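Remarks on the structure that follows.
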There are 2 protein chains.
Amino acid sequence: MRIVVARCQVDYAGRLTAHLPMATRVLMIKADGSVLVHSDGGSYKPLNWMSPPCLVREGTTDDGRVEWTVTSRATAKGPEDTLRILIEEIHHDSSHELGIDPGLQKDGVEKHLQELLAEHPSHLADGLTLVRREFPTAIGPVDLMCRDAGGLSVAIEIKRRGEIDGVEQLTRYLELLNRDPLLCARGPVRGIFAAQEIKPQARVLATDRGITCALVDYDALRGLDDAESRLF
Amino acid sequence: MRIVVARCQVDYAGRLTAHLPMATRVLMIKADGSVLVHSDGGSYKPLNWMSPPCLVREGTTDDGRVEWTVTSRATAKGPEDTLRILIEEIHHDSSHELGIDPGLQKDGVEKHLQELLAEHPSHLADGLTLVRREFPTAIGPVDLMCRDAGGLSVAIEIKRRGEIDGVEQLTRYLELLNRDPLLCARGPVRGIFAAQEIKPQARVLATDRGITCALVDYDALRGLDDAESRLF
DNA sequence: GAATCTATGTCGAAA
DNA sequence: TTTCGACGTAGATTC
């Protein structure tokens, strides 16, 4: 990883054409040749960049200024892209050996919660058993479809953060499911809105619609899972 | 802008929970307090980050290691997010005054091409006049609807890079438009596929479907526009 | 401010 | 390999 702080001008030509006037910016050149041009604001997105695989060539202009030309190979998606960085003055230039990164571990994401709850549906309500995950409906899959002790169908929507839109989503599913004579033969399909955190507004709306709210204790669930896996 | 290269461990808790094991990474702290954690690969997206507005507090753990705690204020969208960066060893630490960036000038984007061609439809074919931009159909708007010298309707799809999917899109529009008795009273609606660059496969497909391909000279178009605006 | 649409989207998983 | 959908989407534009 090479880090350069320099007064520079950047021109990009690819899917679009873009230009950055001369100003001081941070240039990151990663080990794979990819280049990022960052300013001192904005979000995590660079002002301009070149994604790997690409090649950086360092050259000199007629008037003796340093110019980097970054080119991506033409792919199936599109022809070659080019990023031209004209450097006027370098304030800082250093290289660092970082090694391969072990990578990001995402956790607590909805999918993982769903996996855990699919294995332990009784965590949400006693006697609940799983019918299937991603139960298909015309408007999309229900996270978990279960059956309660009395044999009634229960649709479960899982979110990390329970907000109004999640309740709306579950409501739409329930409306649809309750038109299925097979599912609601013994009685209407119930809904459980499960989340690690349920916002007051969402709770009010859910209650109003007859939907049960279930706060999920993620650590406890993971504990259950760990305990179980230790048995094998 | 502060740039730190350090062996660090990162934990994020917000909409999701994420963890980065101890490894050497680049930390960027922008003037607005936003923080980016970059590894030596991947794309322009950091491994982890905190968007502004946020606050960085530098502290020390019980065992004397440096720890940064970055917190975003709770917003309407969600509660507080936190990014904890535990630093084991600092390889590099420097700060740089960048000033405000003049910002990116985007150009040649589809919308801009459409504007230019709407003003100069004859650039695509002699005698072409604009009927309207974003001509609505049941499956979406046609970029430009024109009439040729003979009064026949011409549907124009504009892309910066002409690829197969663009031809397919125009084909669907033409199919629909040719069912409209008003539009094709004097004869079938023709199609022009206009792009700065047309891939061979797209050209073959277009020709096969009786669609005319038009290579757009962006610089010439812009020149026309500039010349015109100089008249006023 | 809320809703909608675009993006040099990026990214990962399934087919 | 291509396609599809989610994203800590972000960002601009419109209502």
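Read-outs throughout are calculated quantities, based only on the coordinates presented, and are distinct from any laboratory measurement. Not measured: the values here are computed from a predicted model. Quick reminder, even Gly has a Cβ in these numbers, built from the backbone with ideal geometry, and neighbours come from all protein chains shown.
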Item checked: Options B:29, B:46, B:187, ranked by Cα towards positive dipole end of chain B, top entry (Cβ charges) -> B:187
Notebook entry, point to check: If you put a point 7 Å past Cα along the Cβ direction, how far is that point for residue B:149 from the same point in each other copy, in nm, smallest first?
Noted result: 8.6
Checklist line | For the protein assembly as shown: rounded, prolate or oblate by the Cα gyration tensor [a/c cutoff 1.5] | finding: oblate
Next item on the list: Identify, among B:173, B:215, B:116, the residue whose Cα sits farthest towards the positive end of the charge dipole of region B:110-230, taking +1 on the Cβ of Lys and Arg and -1 on the Cβ of Asp and Glu, with the dipole about the Cα centre.
Entry: B:173
Check: Taking square-rooted eigenvalues a ≥ b ≥ c of the alpha carbon gyration tensor, is region B:1-149 rounded, prolate or oblate, where a/c under 1.5 means rounded and, failing that, a/b exceeding b/c means prolate?
Finding: prolate
Check: Over region B:110-230, what relative contact order in percent results from Cα pairs under 8 Å that are six or more residues apart?
Finding: 22
Notebook entry, point to check: Can you name the residue in chain A whose Cβ lies closest to the A-to-B rotation axis, and give that gap in whole Å?
Noted result: A:3, 3
Next item on the list: For chain A, with a Gaussian network of springs between Cα atoms less than 10 Å apart, report the residue from A:152, A:47, A:176 with the top mean-square fluctuation.
Entry: A:47
Note to self: Below 8 Å between Cα atoms, with a sequence gap of 6+, how large is the relative contact order for region A:2-95 in percent?
What the structure shows: 33
Notebook entry, point to check: How far is residue B:136 from itself in the other copies, in nm, if each label sits 7 Å out from Cα along the Cα-Cβ line, shortest first?
Noted result: 3.4
Notebook entry, point to check: How big is the charge dipole of chain A about its Cα centre, in debye rounded to the nearest 20, if each Lys and Arg gets +1 on its Cβ and each Asp and Glu gets -1 on its Cβ?
Noted result: 620
Next item on the list: Can you bin region B:110-230 into rounded, prolate or oblate? Criterion: square roots of the alpha carbon gyration tensor eigenvalues sorted a ≥ b ≥ c, rounded for a/c under 1.5, prolate for a/b above b/c, oblate for the rest.
Entry: oblate
